[in-house]
Amino acid sequence: MFSFPRRLVHAAFLALVITASAPAQLFAADLVNFKQLMTIVDIPAPAGFTVSEKPSGSTTKSPVVLSEAKIVFAGDEDKSIEISVMDGLGASVPFMAITQAVEMESSEEFIKPLDIKGIKGNETFRFQEKEGELTLVVANRFLVSVRGMGLPDNDLIKSLAATLDFAKLADLGK
């Protein structure tokens with residue numbers, strides 16, 4: 001079993017946690033509140049899905065500086081989609097650019113670069129689990145994640161990601 005991608009994801013997460021907590025005083029004042037981020041994820045459910053968790057979120061200023069907003073959609077047969085937007089990752093966001101260049105395919109999953117409306121990121125799909133995830137970096141600041149479970153491929157979550165207002169999100173960070 002080829003496990004490099006999962007280790008890479010764990011390393012990226014560790015880097016996010018370390019760099020997000022270290023310069024807390026530098027980022028707390030500029031942090032976008034979760035209420036503003038909720039306006040980005042507050043979109044209609046795709047066809048065949050309903051909103052199972054209304055937009056929600058939180059802002060933490062100490063010890064870790066982080067704002068997050070999310071929405072969850074549920075479909076039939078254990079299908080679900082979660083969209084989240086995070087701010088406060090600070091110096092770790094440029095690190096995410098490194099993971100965008102990863103391209104890999106195996107019998108179990110694929111990871112490849114992605115571009116949605118000019119926003120760069122990557123997509124992952126695990127065949128057996130029928131789980132896909134898009135990770136996009138907006139304005140070198142915000143991390144947008146669109147995760148689908150029980151789906152045959154990433155087409156639906158890609159089309160849903162394309163409906164997000166990335167320009168509005170980028171403006172929130174100015």
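Mind scanning 117/168; 79/158; 54/79; 35/120 and naming the pairs with a C-alpha gap bigger than 19 Å? Pairs exceeding the cut-off: 35/120.
When each of the peptides 76-86, 49-59 is scored by how many other beta carbons lie within 10 Å of its residues on average, the order from highest to lowest is 76-86, 49-59. Here the extension length gained between residue 106 and residue 162 equals 17.5 nm, from 0.36 nm per residue of separation less the Cα-Cα distance.
A cut-off under 12 angstrom between Cβ atoms defines the neighbours of residue 169, and their net charge, with Lys, Arg +1 and Asp, Glu -1, is +1.
The numbers here are math on the coordinates, done by the rules we state, and not lab data. Treat the numbers as computed from the prediction; the structure is a model and nothing was measured. Backbone-built Cβ (ideal geometry, glycine too); neighbour counts: all protein chains shown.
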